Amino acid sequence: MRKALRWLLALTVLIGTLGTAATAEAATAAEPQATATADIKDRLLAVPGMSLIEEKPYPGYRYFVLNYTQPVDHRHPARGTFQQRITVLHKDTSRPTVFYTGGYNVSTNPGRREPTQIVDGNQVSMEYRFFTPSRPDPADWSKLDIWQAASDQHRIFEALKKIYPRNWISTGGSKGGMTATYYERFYPRDMDGVVAYVAPNDVVNDEDSAYDRFFASVGTKECRDRLNAVQREALVRREPLEKKYAAYAAENGYTFTTIGSLDRAYEAVVLDYVWGFWQYSLLSDCGSIPANAAGATDDEIWTSVDTISGFSFYTDQGLAPYTPYYYQAGTQLGAPTIHFPHIEKKYVRYGYQPPRNFVPRDITMRFRPSAMRDVDTWVRHNAHHMLFVYGQNDPWGAERFRLGKGAKDSYVFTAPGLNHGANVAGLVADQKTLATARILAWAGVSPTAVSQAKPLAKFDAGLDVRDVEREPALRP
């Protein structure tokens, strides 16, 4: 009964906005199109500070890889600039636009995020500042924070809104979902809607018991026991497997200066194992985990851990691309700490290591606990046209965004059985319909399209098929 009432209320909200969507579409259609006949490439390159890296063809679209000149410090624009890489998947200036960032590097190959398919629109994608090549030189790391990054998005939006005047929706997955949320917090008047996928929300950095509760109940006991046993066995066999690790590192030229030692790196990889499985795998994948860890060979234990966690990651070479993430985790975002009750203390030497251990020591870091509290409070009391989607079996969803009484037309949904790749398509039927309808309404499309609550663009295997954004475990 309660579910039915909630659904009825949601339909009432949906119907009440149809007229608003129609009005927005009509108003936009009436705007003058003085430059509509100009080639889209010329219009993009006419934006001050915009330059072309390359154009790649794709049927039905124009796809551009661009550089955009940004201030290193938005508070003091005269103190230097850097080139930020963005991409534009252009369909038509009469369509809505989706503003995407993954929070890391941007792909230079054409791709379409789920909201872009739903609204059949354009897509602007931004590389996050300080991820190469979008890094100032020299790099003043104090200018890598969530406000500066939100201000990057704000300037890009202001520059391109003149070309794409219809409604805009921001989106991103994982750290990108966090980024879309922070952008909305600092510039709430820019976007017409926000779709944030699997976005962690570490409000109190030192309180991480939610993760321990998650790992005690996720999936099935049989699957948890298999994973725990392999993880424990990898530490029991530390000596022979570290010899294998040393040979592997020597063969590939890997070093361990940043983390401090091969021993620290080995334990970090092993302790990521259970988290990594649930982040990227499904319950149905448990059959790939050795059923009898104690009876498995060293190679079987090594292969299982390497497949899920990746022994190359905590090397200097593996960590370097993620320095900006770990810097932010250690200064504003926070990082999880979990415990391992299934492993005797004598086998765990370091535990989950802090972000400071993964950033070169010549980069100064100081944690600011107020940043996430501020965002969390703002979302609870001010969320408007925001949708958060989580996966039931994704560890990052253990600490998530939640809505308070001040939120309006905003939702938090969980896709059953899904991992860090959870999306609207994976929601239960009534939530999927509601979420799709709200995204379409926020995009300002026709009332008929909103009422049908289905993606407006057909599935395209070249644009829409992608695996979970595979960052190593403990990178959102």
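The values are calculated or read from the model by the stated rules, or taken from the named source; none is laboratory data. As the structure is a prediction and not an experimental result, all values here were calculated from the model. In this analysis, Cβ positions are derived from the backbone assuming ideal geometry, glycine residues included, and neighbour counts consider all displayed protein chains. Side chains included, ligands, DNA and RNA excluded: accessible areas come from the protein's heavy atoms. Shrake-Rupley method; radii C 1.70, N 1.55, O 1.52, S 1.80 Å.
Please work out if Ala425 is over 24 Å from Tyr182 (Cα atoms), under 21 Å from the mean Cα position of the chain (by Cα) and either at pLDDT 95 or above or open to solvent by 10 Å² or more (accessible area, probe 1.4 Å) (or both). For Ala425, the condition - over 24 Å from Tyr182 (Cα atoms), under 21 Å from the mean Cα position of the chain (by Cα) and either at pLDDT 95 or above or open to solvent by 10 Å² or more (accessible area, probe 1.4 Å) (or both) - is met. The criterion of at least 2 residues that are open to solvent by 30 Å² or more (accessible area, probe 1.4 Å) and among the aliphatic types (A, V, I, L, M) is met by the following helices (runs of 4 or more DSSP H) wholly inside region 173-267: 221-236, 238-252.
When Thr377, Thr337, Thr323, Thr331 are checked against the criterion of being among the polar types (S, T, N, Q) and surrounded by fewer than 16 Cβ atoms within 10 Å (Cβ to Cβ), a single residue qualifies: Thr377.
Residue pairs whose Cβ atoms lie under 7 Å apart, sitting 6 or more positions apart in sequence or on different chains, and linking a residue in region 136-154 that is of a type in the set (Asp, Glu) to a partner that is modelled with pLDDT of 95 or more and assigned to a loop (DSSP other than H, G, I, E, B), are Asp140/Val72; Asp152/Arg129.
Does at least one position in region 125-138 carry a residue that is in a loop (DSSP other than H, G, I, E, B), at positive phi and not hydrophobic (A, V, I, L, M, F, W, C)?
Start the filter on region 125-138 by keeping residues that are in a loop (DSSP other than H, G, I, E, B), which leaves 127-138.
Imposing the further condition that a residue be at positive phi reduces the set to 130.
If we keep only those that are not hydrophobic (A, V, I, L, M, F, W, C) too, we end up with none.
No, region 125-138 contains no residue that is in a loop (DSSP other than H, G, I, E, B), at positive phi and not hydrophobic (A, V, I, L, M, F, W, C).
Taking Leu66 as the residue in question, decide whether it is free of Cβ contacts under 8 Å to residues at least 60 places away in the same chain and aliphatic (A, V, I, L, M).
Details: free of Cβ contacts under 8 Å to residues at least 60 places away in the same chain: yes; aliphatic (A, V, I, L, M): yes.
Answer is yes for this residue.
Got a sec? Which of Thr414, Thr433 is open to solvent by 30 Å² or more (accessible area, probe 1.4 Å) and assigned to a strand (DSSP E or B)? First the steps, then the outcome.
Working: Thr433 fails: assigned to a strand (DSSP E or B).
Sole residue among the options that is open to solvent by 30 Å² or more (accessible area, probe 1.4 Å) and assigned to a strand (DSSP E or B): Thr414.
Of all residues in region 98-109, none satisfies being open to solvent by less than 10 Å² (accessible area, probe 1.4 Å) and over 28 Å from Gln431 (Cβ atoms).
Would you say Asn357 is open to solvent by 20 Å² or more (accessible area, probe 1.4 Å), out of contact with any helix residue (DSSP H, G or I) (no Cβ under 7 Å at 6 or more places or on another chain) and within 21 Å of Pro240 (Cβ to Cβ)? Before you say what the answer is, go through the steps one by one.
Details: open to solvent by 20 Å² or more (accessible area, probe 1.4 Å): yes; out of contact with any helix residue (DSSP H, G or I) (no Cβ under 7 Å at 6 or more places or on another chain): yes; within 21 Å of Pro240 (Cβ to Cβ): no.
When the stated conditions are applied, Asn357 does not pass them.
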